[in-house]
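Before any comments, here is the structure.
The values are calculated or read from the model by the stated rules, or taken from the named source; none is laboratory data. A quick note: this is a predicted structure, and the numbers were derived from the prediction, not measured. Positions of Cβ are backbone-derived with ideal geometry, glycine not excepted, and every protein chain shown enters the neighbour counts. Note: accessible area is taken over every heavy atom of the protein model, side chains too, but ligands, DNA and RNA are not part of it. Shrake-Rupley method; radii C 1.70, N 1.55, O 1.52, S 1.80 Å.
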Amino acid sequence: MSDLKRALGEAVEAAFAAIGAPPELGRVTPSDRPDLADFQSNGALAAAKRLGKNPREIATAVAERLAGDPRLSAIEIAGPGFINLKVADATLSDRANAIAADPRLGAETVATARRVIVDYGGPNVAKPMHVGHLRASIIGESIKRIYRFRGDEVVGDAHFGDWGYQMGLLIGAVMDENFAVRAVVERLNAGVHGEDLGAFDTVDLADLDRLYPQAAARGKADTDYRDRARKITAALQVKQAGYYVLWERFRAVTKVALERDFHALGVDFDLWKGESDVEHLIAPMVAELDAKGLLVDDQGARIIRVVQDGDKRELPPLLVVSSEGSAMYGTTDLATILDRQRAFGPDLVIYCVDQRQADHFEIVFRAAIQAGYAAPGQLEHIGFGTMNGTDGKPFKTREGGVLKLNDMIELTREKARERLREAGLGEDLPPAEFEEIAGKVAVAALKFADLQNFRGTSYVFDLDRFTSFEGKTGPYLLYQAVRVKSLLRRAAEEGAQAGPVNVSEPAERDLVLTLDAFDAALTEAYDKKAPNALAEHAYRLSQAFSRFYAACPIMTAAPAVRASRLTLATAALRQLERALDLLGIATPERM
RNA sequence: GCGCCCGUAGCUCAACCGGAUAGAGCACCCGCCUUCUAAGCGGGUGGUUGCAGGUUCGAGUCCUGCCGGGCGCGCCA
């Protein structure tokens with residue numbers, strides 16, 4: 001089932017072809033002038049240049065070909081040669097009925113399904129998630145859902161950062177502070193068996209969170225300290241028992257906290273693979289890269305050069321093995337590509353990671369292609385901008401610290417409770433449901449504030465603004481959905497039946513045209529990996545519904561009109577809930 | 001220094017292969033609750049799209065230069 005934009009586009013393209021103009025110029029778009037038309041085609045202007053004719057003549061010839069089309073109530077030529085199309089009410093009614101009857105609410109699926117991996121979230125061992133993880137989680141989750149809804153086979157992978165120099169730093173720091181742990185690690189390293197591991201249980205996430213920044217800072221300033229951390233890292237990577245068992249403890253305590261945070265955000269991963277899961281692939285991979293002649297010794301390290309003809313500057317090489325013998329960030333990324341190739345065979349891997357890592361991914365992807373682990377175009381980095389504070393600098397709390405994701409969610413949830421109480425909403429609800437609603441409102445506020453912006457640009461995180469819940473916000477969208485649900489409950493109680501749509505009022509026309517635009521928004525979000533296109537649609541749909549709700553009484557209307565409007569309201573609700581779900585936002589039943 | 005991204009209303013952001021009068025929200029002003037949830041709806045104020053050129057019938061969008069900002073540039077991830 002095609003949307004009106006595409007259906008009319010085919011008709012206009014055929015008209016262009018019939019008068020000898022390139023058919024692709026007949027593309028139809030929603031009108032920029034809703035006061036004049038529903039759809040427009042600008043193709044006559046471009047065709048005029050190619051054919052050497054007057055644009056208005058071409059537009060007139062096209063309009064004459066379209067004149068008999070029963071779907072159009074008006075065809076007008078305006079300005080230098082715009083073709084303005086107005087759709088007949090009966091056609092809008094038919095389209096509304098089709099959308100209402102469609103389980104997919106008017107959205108198409110891709111012609112050929114692909115196997116896709118979305119790599120997002122990027123949590124790390126020992127570091128509680130902070131506001132910087134918000135975007136990676138929110139955008140990645142939405143892209144995963146959009147791809148899946150369009151029909152691709154999609155796997156979301158958290159790609160747990162659990163392997164590397166940071167682990168060596170942290171192991172060293174914990175051992176320096178906790179002598180009981182140190183003693184156990186040293187005995188295990190020495191090959192002692194049957195050791196009591198009770199000392200490890202005292203290490204918790206708060207310790208790791210506290211020690212990591214200190215250790216990272218000291219590693220930068222103190223050469224000896226850094227060398228020791230590197231040696232520990234190398235020993236961990238060959239699974240020396242003491243380090244390895246302590247590391248397992250780090251991983252376990254971190255994952256519990258991460259799962260709590262992701263759950264609160266409505267983010268689910270299909271896979272929780274870590275960098276450590278590909279550790280066993282690294283040695284054979286390095287040997288193979290060597291055999292292929294890709295590895296070069298340089299300054300004591302082993303690297304792959306990735307420079308290409310046409311580069312505007314010299315890209316650094318991929319560092320495969322450090323001078324200490326450690327696998328690096330890029331090494332595990334390369335091994336992960338190999339692992340995914342073997343285990344899943346993806347047509348596309350989407351890396352939803354901060355834009356600042358663009359160079360890193362370019363280097364890794366080039367190395368993977370050189371090694372034959374990936375084809376050009378198969379790996380794609382979808383970067384996003386940073387989230388800044390109101391001062392334009394990376395977000396910090398008033399105290400100057402990093403705001404933890406969990407704390408931010410709780411702050412927003414508290415604001416949601418306040419606003420619900422102020423508005424007198426949900427006061428007669430059981431406490432558990434009230435809490436559930438506050439949680440959904442908070443998540444909607446955070447996610448929509450992020451997703452309404454194009455992912456590539458940085459944006460300002462303003463807690464006051466995000467929690468205002470008025471205007472173009474997540475809670476506004478939930479509010480519209482809840483109003484429809486309330487209305488439909490009432491209709492059910494009164495035995496009011498939905499029936500065929502018969503469009504007449506301007507607000508009804510506008511609502512149907514907005515419903516019709518769902519597939520275009522979804523397709524754009526999919527093609528550009530840009531959920532903001534879908535977020536914009538969800539907002540426009542809410543607005544169109546709200547105007548319809550204000551202008552067109554439903555329950556007090558005559559039976560046939562009421563039936564038509566109930567169908568429209570139901571379709572709007574279902575499409576809105578679907579769009580919100582694709583953004584990762586859940587809707588409460590009431591609020 | 002080299003490279004990438006960005007600069008749109010007082011603020012935060014949109015803008016569909018270049019198209020008509022550059023759109024939303026916030027803030028500000030005016031109106032609308034005895035009728036389906038006012039976290040709502042309607043109306044209004046607010047713009048030389050950083051600057052200067054160029055291409056084009058037509059430029060926020062493409063090209064060049066400049067100004068301003070952010071980020072990245074091998075042994076962290």
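For this structure, a couple of remarks:
- Some residue of the stretch A:313-333 being open to solvent by 10 Å² or more (accessible area, probe 1.4 Å), within 8 Å of RNA strand B (Cβ to nearest atom), in the same structural domain as A:ARG148 (by TED's automatic domain parsing) and closer than 18 Å to A:GLY377 by Cβ: no
- Filtering the stretch A:522-534 to residues that are more than 9 Å from RNA strand B (Cβ to nearest atom) and either closer than 19 Å to A:PRO30 by Cα or outside any loop (DSSP other than H, G, I, E, B) (or both) leaves A:LEU522, A:THR523, A:ALA525, A:TYR526, A:ASP527, A:LEU534.
- A count restricted to the stretch A:464-473 and to residues that are on the phi < 0 side of the Ramachandran plot and either more than 9 Å from RNA strand B (Cβ to nearest atom) or surrounded by fewer than 17 Cβ atoms within 10 Å (Cβ to Cβ) (or both) stands at 6.
- Selection of the stretch A:404-454 for residues being farther than 18 Å from A:ARG483 by Cα, touching a Pro at 6+ places or on another chain (Cβ under 7 Å) and within 12 Å of RNA strand B (Cβ to nearest atom) yields only A:LEU451.
- Within the span defined as the stretch A:132-141, one or more residues are surrounded by fewer than 20 Cβ atoms within 10 Å (Cβ to Cβ) and at pLDDT below 95.
- Any hit, the stretch A:345-352, residues being among the acidic types (Asp, Glu), more than 10 Å from RNA strand B (Cβ to nearest atom) and closer than 23 Å to A:ILE138 by Cβ: no
- Residue check for A:ASP69: open to solvent by less than 40 Å² (accessible area, probe 1.4 Å), in contact with a strand residue (DSSP E or B) (Cβ under 9 Å, 6 or more places away or on another chain) and within 15 Å of RNA strand B (Cβ to nearest atom): no
- Verdict on A:GLY81 being crowded, with 17+ Cβ neighbours inside 10 Å and at pLDDT below 95: yes
- In the condition set (1) at pLDDT 95 or above; (2) at negative phi; (3) open to solvent by 10 Å² or more (accessible area, probe 1.4 Å), A:GLN166 is compliant with all but (1).
- Some residue of the stretch A:185-193 being in contact (Cβ under 8 Å) with a residue 60 or more places away in the chain, more than 22 Å from A:LYS528 (Cα to Cα) and touching a helix residue (DSSP H, G or I) at 6+ places or on another chain (Cβ under 8 Å): yes
- Of all residues in the stretch A:421-463 being modelled with pLDDT under 90 and under 23 Å from A:LEU583 (Cα atoms), the one that is surrounded by the most Cβ atoms within 10 Å (Cβ to Cβ): A:PHE461
- Residues of the stretch A:488-509 classified as closer than 19 Å to A:GLU577 by Cβ, open to solvent by 20 Å² or more (accessible area, probe 1.4 Å) and not in a loop (DSSP other than H, G, I, E, B), total: 4
- Residue match in the stretch A:180-193 (condition: outside any helix (DSSP H, G or I), open to solvent by less than 70 Å² (accessible area, probe 1.4 Å) and over 28 Å from A:VAL278 (Cβ atoms)): yes
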